[in-house]
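A short write-up of the structure that comes next.
The values are calculated or read from the model by the stated rules, or taken from the named source; none is laboratory data. Remember, predicted model here, so these are calculated numbers, not experimental data. All Cβ positions, even for glycine, are placed from backbone atoms using ideal geometry, and neighbour counts span all protein chains on display.
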Amino acid sequence: MPLDASLKQLQIKVGTVKRTKKEYESYVAEEGVQRAKIEGMKVEGKEEADIKKQMEVLNDTLTVIPDSRQRLQKYAVELRDFLASDQEMSVEPDSSSPEDRR
């Protein structure tokens, strides 16, 4: 693979991992915020319907987290495999042995 194409693929794969990691971390942070909000609503004695609505929001977040984690793992493996294969392709074996060079 030419260097420019390899570099472009690397940039794409790294960007995908970064973006997915940021998305995953955002959902995990949102989970914590939602849990705290629900607990606060319970302590304040808010209406059950409002609490139930916030529980639905939390459940939506909890549904998305495993998918985000799975995609992040998948993209990380793809990046690792790309780096390994690119490393193998960039190392040219030296066909001449030390004795041949004399």
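So, LYS8, is that one in contact (Cβ under 8 Å) with a residue 40 or more places away in the chain, surrounded by 12 or more Cβ atoms within 10 Å (Cβ to Cβ) and of a type in the set (D, E, K, R) or not? No: the conditions fail for LYS8. Annotation note: Cβ proximity below 7 Å between a residue of region 78-96 that is closer than 19 Å to VAL14 by Cα and a residue that is charged (D, E, K, R) and modelled with pLDDT of 85 or more (sequence gap 6+ or interchain) occurs for GLU78/LYS13; LEU79/LYS13; PHE82/LYS13.
Taking the criterion of being exposed (fewer than 13 other Cβ atoms within 10 Å of the Cβ), charged (D, E, K, R) and more than 28 Å from ASP67 (Cβ to Cβ), the residues of region 21-50 that qualify are LYS42, GLU44, GLU47, GLU48.
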